[in-house]
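Heads up: the structure comes next, in structure tokens.
Quick note: the coordinates plus some simple rules give every number you see, no bench work behind them. Every value quoted in this text rests on a predicted model; they were computed, and no experiment measured them. In this analysis, Cβ positions are derived from the backbone assuming ideal geometry, glycine residues included, and neighbour counts consider all displayed protein chains.
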Amino acid sequence: MNQKERMLSGLPYKAWMDGLSEERLENKKKIFKYNNLEPEYEKAKDALIKEILGKTGNIINVEAPFRCDYGYNIEVGENFFANYNLTILDVGKVKIGDNAQIAPNVSIYTAGHPIHPDSRNSGYEYGIPITIGDNVWIGGNTCIMPGVTIGNNVVIGAGSVVTKDLPDNVIAVGNPCRILRKISEEDRDYYYRNLKFDVEDYK
């Protein structure tokens, strides 16, 4: 098993061997081009982000700047939106469902290093997959750590550090991120805290 195969299997691997450095360099070229496209070149932008990522839906909007390691390890669903400064360390697989809304400065880290300094200094690192369900809203400055699974319909408050799995239909916040409460049918009528919709076409 070479180092790329080890990386994709979630095993300890060395990131500079077996063509991995070259793959990251090629992706960095695409990322640089994407982040420096003139804003009016929407079609070119859409085509390039679909080339960078491993799998996407038809509708995808990723505001520049965006950064990732390989790109091909990232799969996003339909109607994907990410605001400025999304960083995905996609050493491991990252799967995100439909209707994702990602606020600015969110970081999704599959990558990690051993705790013990001797092991860490050996150069070995690892990537553990992250899975995010449908209809998830991730607040600004959130970090999602290796191996986490986030369920459907989840809202994650700004500034959270998500170290453990989150089930469907919850609001979670904090460092470390904890479940605040379940999302209820009553929440449908409010757009922010105690402020009710004054229109009828939101349902």
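Axis of helix 42-52 versus longest Cα principal axis of the chain: the two differ by about 50°, to the nearest ten degrees. Computed over the chain, the per-residue total of -39500 (n - 2.57) for DSSP H runs of n ≥ 4 gives a 222 nm mean residue ellipticity of -5500 deg cm²/dmol, rounded to 500.
Measuring between alpha carbons in the structure, the pairs from K28/K55; K93/K203; K93/K164; K4/K95 lying more than 27 angstrom apart are K93/K203. Among the chymotrypsin sites (Phe, Trp or Tyr not before Pro) in the range 98-203, those placed in a DSSP loop whose Cβ has at most 13 other Cβ atoms within 10 Å are F197, Y202. Of the three principal axes defined by the Cα atoms of the range 96-161, the extents in descending order read 42, 20, 13 Å. The alpha carbons of the range 24-82 occupy a box of 28, 28, 15 Å along the principal axes, longest dimension given first.
Taking a cut-off of 11 Å, what percent of all Cα-Cα pairs in the range 1-43 are separated by more than that? Each step should come with its number before you reach the end.
Details: 619 of 903 pairs.
Percent of Cα pairs beyond 11 Å in the range 1-43: 69.
I'd like the trypsin sites (Lys or Arg not before Pro) in the range 121-194 restricted to DSSP loop residues with at most 12 other Cβ atoms within 10 Å, sorted by number.
R193
Would you mind telling me which residue in A44, A82, A158 has the biggest mean-square fluctuation in a Gaussian network model of the chain, where springs connect alpha carbons within a distance under 10 angstrom? Residue with maximal mean-square fluctuation among A44, A82, A158: A44.
Semi-axes of the equivalent ellipsoid of the range 108-203 are 35, 12, 10 Å, computed as sqrt(5λ) over the eigenvalues of the C-alpha gyration tensor in descending order.
The C-alpha atoms of the chain define a longest principal axis, and helix 20-35 lies at about 40 degrees to it.
Over the range 58-147, the pair-distance histogram of Cα-Cα distances with 10 Å bins from zero comes to 18, 49, 23, 9, 1 percent, rounded to whole numbers.
Three semi-axes describe the equivalent ellipsoid of the range 3-180; taken as square roots of 5 times the Cα gyration tensor eigenvalues and ordered largest first, they are 24, 23, 13 Å.
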